[in-house]
1. Using Cα pairs closer than 8 Å and at least 6 residues apart in sequence, work out the relative contact order for chain A, in percent.
2. Chains C and B: buried accessible surface, both sides, probe 1.4 Å, rounded to 100 Å²?
3. Ordering A:96, B:29 by accessible area with a probe of 1.4 Å, largest first, what comes out?
4. Pairwise over distinct Cα atoms, reciprocal of the mean inverse distance: report the Kirkwood radius of region B:213-273 in Å, one decimal place.
5. Count the lysine pairs in region B:2-264 whose Cα atoms lie under 15 Å apart, taking only pairs 8 or more positions apart in sequence or on different chains.
6. Enter the mean number of other protein chain beta carbons within 10 Å of the beta carbon of each residue in C:85-92, as an integer.
7. Just counting partner chain Cβ atoms within 10 Å, what average do the residues of peptide C:124-132 show around their Cβ?
8. Considering only B:264, B:211, B:249, whose Cα is most displaced toward the positive end of the charge dipole of the protein assembly as shown, charges sitting on Cβ of Lys, Arg (+1) and Asp, Glu (-1)?
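The values are calculated or read from the model by the stated rules, or taken from the named source; none is laboratory data. Since we're looking at a predicted model, the values are computed, not measured. Ideal geometry is used to build each Cβ from the backbone, glycine not excepted, and the neighbour counts take in all protein chains shown. With ligands, DNA and RNA removed, areas are computed over all heavy atoms of the protein, side chains included. Shrake-Rupley method; radii C 1.70, N 1.55, O 1.52, S 1.80 Å.
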Amino acid sequence: MMTIEMQGVTKIIKRNTIIDDVSVSFSSGKVYGLKGINGSGKTMMMRLISGLIRPNKGQILINGKQLWKDLNFPESIGILIENPSFLDDYSGLENLKILAGLKKKIDENTIRETIAEVGLDPNDKKKYKKYSLGMKQRLGIAAAVMEHPEILLLDEPTNALDSTGIEQLKKIIEKEKQRGALIILTCHDFELLKEFCDEIYYIDNGKITDHSIEKKEESGQV
Amino acid sequence: MFFKMVWYDLKNGLLKGKWKYLFFMGLSLIICIDFRLRWNLIDSLNVPSYGDFLMYIFSGMKEYIPSPMTQFRYPEIWILVMLLTAYQILYYPYRDLSGMGKQVLINSKSRIGWWFSKCVWILCSVFVFFGIFWMVSLLFCLVTGGKCSLEISIRMYQYLGITIMPDMPSELNIQIFLLPLLVMSSLGLMQMTLSFFIKPFYSFAVTITIFVVSCYYMNPWVIGNYAMVQRSSLLVRGGMEAVHGICLALLLSAVSVGIGLLFFRRYDILDRE
Amino acid sequence: MEDEMMKNCFFTELKKAFGNKRFWIAVLVGTVISLLSAWKTLERYFEEMRFRQWQIQYSPDDYMNPDLPIYTVYNRWIGGSYGQVELDIFFLLIPILAILAYAWSYHEEKKSGYSRNVVCRTGRTAYFFSKYISAFLAGFTAILIPMVCNLMLISAFIPAVAPDVYYDIYNGIMTDNMGFQMFYEMPFLFLILRLTLDCTVGGLSAACVVALTFFIRNKFALMLAPFLALLVIQYASALWYYYVSEISISPLEFIKAGSRSSSAWIAGGYVIVIFLLSFGITMWKGVRDDVF
């Protein structure tokens with residue numbers, strides 16, 4: 001059982017308060033949504049949870065362990081924050097192999113399966129710099145999910161995806177949720193967000209202003 | 001529209017960034033102080049002139065004749081001034097095309113206009129950076145009681161190891177002002193054109209190579225020679241003729257602008273580094 | 001687990017460093033220049049040998065001394081020779097070539113956001129340590145390969161005659177240069193140390209860029225900063241030489257033969273200070289700073 005707790009977290013960058021005294025908790029096996037206008041602090045929250053940036057006040061606990069004190073990063077996490085980013089001179093498969101080679105938790109077959117799941121061709125030798133925006137986004141999703149992390153942070157994963165891509169993403173999120181992952185995602189399309197998520201937090205000016213629980217029927221429909 | 005583009009380039013590529021000007025001024029000041037201190041040993045009875053100051057900066061080096069007894073040493077001040085200027089004019093045209101310049105280009109509907117605007121920017125930039133050296137030297141000369149004249153003293157020639165000849169000119173205005181400016185401008189245009197073929201980083205390496213080769217070979221076809229006052233035909237037998245330098249610089253400029261124009265008209269503007 | 005990830009991260013970075021196109025461009029450019037220099041040297045050597053042969057043939061009594069130490073590997077290889085335009089171009093381009101190899105990678109990964117992907121998996125320490133070391137090694141190797149190619153070609157034709165102090169005007173090393181004694185007593189060791197020093201200057205130029213990435217955003221300013229700094233130090237060294245002490249403090253001087261007086265302490269000092277500063281900044285800021 002994975003839990004994330006943010007306790008009184010504040011983040012200030014160049015005298016601007018980006019996240020303001022946020023206290024919230026998340027647990028595994030659920031999909032959480034973050035909703036807010038541009039610049040409300042959604043992406044910053046994800047960066048804080050992933051350990052990429054340090055809070056100025058408060059603490060973030062991952063299974064009771066404090067980030068930046070007991071932990072540098074959550075032990076098992078997959079992220080897609082802002083634009084997907086890979087090495088230009090390598091193909092999609094090569095890029096994912098490089099990333100997977102860091103922890104060596106999965107083999108090439110798993111990588112190929114994940115690439116196929118997101119709708120890309122694992123045998124495609126095209127270099128990443130030649131990818132379209134949609135292809136880059138799919139690869140970014142693949143990189144985030146391929147190691148089946150316990151925490152999955154997806155920032156605007158539907159960007160540049162066509163309807164097929166969105167359907168594939170839904171299947172992936174459902175699969176990860178069934179596996180017991182803790183998933184947090186953002187999306188500007190509110191209807192999609194309600195479809196994906198079990199709970200939605202509303203953010204405005206760095207503060208959590210509201211929280212809703214999306215009741216879903218057994219079939220997964222709202 | 002063209003003049004609007006030129007103004008846009010001057011505003012964004014030249015007027016912004018005060019640190020580079022402060023750096024150039026600081027460097028000019030240090031060179032002037034260095035020269036003034038050396039002058040006390042060169043000629044303690046007389047004060048240097050403005051021409052002496054400029055000669056110190058732009059003199060370059062004598063012809064290098066390789067032998068076991070003479071070790072090559074490139075002229076530190078001259079190469080520093082030239083390469084710093086080359087660096088300052090390196091990046092802006094290329095970067096602009098990946099940034100806001102794309103919008104300007106589309107709005108202007110003229111690739112030719114865009115290209116020429118960048119060429120004008122290069123010329124203005126070189127003038128400004130060299131102008132900093134001219135102005136700081138002039139102010140320093142006046143403040144330290146130097147002579148406000150372009151006359152170069154015999155002592156200066158002796159200090160630089162130039163053989164005194166009876167018909168030696170007392171002023172070298174073209175060699176000191178015009179030629180380095182023209183040479184640097186033409187190399188700047190060449191550098192900019194090359195940047196679109198081989199990226200700015202590599203084109204800067206080409207510029208470095210040209211300057212080093214210029215130090216080694218006193219050859220009328222190696223353009224850097226004309227930017228070294230010490231190699232002028234007025235000071236050295238078999239030296240560089242000003243007319244040749246002007247023609248070569250203009251030729252290099254014309255070729256660079258022309259090739260660049262031909263290429264840029266067909267250039268695919270992608271977001272590349 | 002952390003050691004394993006550090007190892008994985010390190011080898012991944014090394015693979016990226018030595019597998020990237022720009023590294024090989026740097027090696028190619030450096031090698032072309034160094035081989036041009038070797039070719040010119042050998043051309044002069046063969047001409048000289050032909051002339052000598054002619055002299056000995058026609059007037060053997062006058063030319064009994066073959067003057068072997070004039071031409072030896074130790075004073076004709078790229079690190080021991082001087083007075084050639086290719087050499088000066090090569091040594092002036094050392095920081096440029098070394099930086100081209102892999103120093104730019106942290107800037108690019110930071111800008112694109114790729115560093116997020118890696119840092120999340122390996123942690124900051126592993127990432128920045130690997131990045132620093134691989135940039136250093138790529139820069140080091142980008143200079144090593146051309147110099148070794150030159151050395152191999154020169155030594156294939158010019159014998160390794162021990163340098164003789166009576167022929168000192170043909171060697172690019174005077175009594176006030178560092179390693180003067182070693183050059184005459186242990187020339188091979190001197191050669192190795194000269195090679196190591198030159199490559200280390202390259203490596204440190206590249207490593208500096210990694211550290212400077214935390215402060216400079218403009219890619220060209222970042223990549224050319226060490227080169228421009230070396231030019232400024234070169235001028236500062238000329239001032240130092242004239243006003244303070246007749247010893248060179250410019251790295252561009254003591255990496256090559258035929259330079260002004262130099263000191264091993266100064267060279268060593270540069271290496272240590274630059275390493276400590278660049279490594280310290282990289283690790284300190286890397287571990288502490290936010291990764292965006």
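1. Working: 442 pairs, mean separation 63.6, N = 222.
29 percent.
2. On the way: alone 15240 and 13750 Å², together 25330 Å².
Separately minus together, C and B give about 3700 Å² buried.
3. On the way: A:96 0, B:29 75 Å².
Order by accessible area, largest first: B:29, A:96.
4. Numbers: mean 1/r = 0.0741 Å⁻¹.
It is 13.5 Å.
5. Details: B:4/B:102; B:4/B:109; B:4/B:118; B:11/B:20; B:11/B:118; B:102/B:118.
Taking the Cα cut-off of 15 Å, the pair count is 6.
6. On the way: counts 10, 4, 2, 8, 8, 1, 1, 8.
Mean shielding count: 5.
7. Numbers: counts 4, 1, 2, 1, 0, 0, 0, 0, 0.
The shielding value for this peptide is 1.
8. Checked the options; the winner is B:264.
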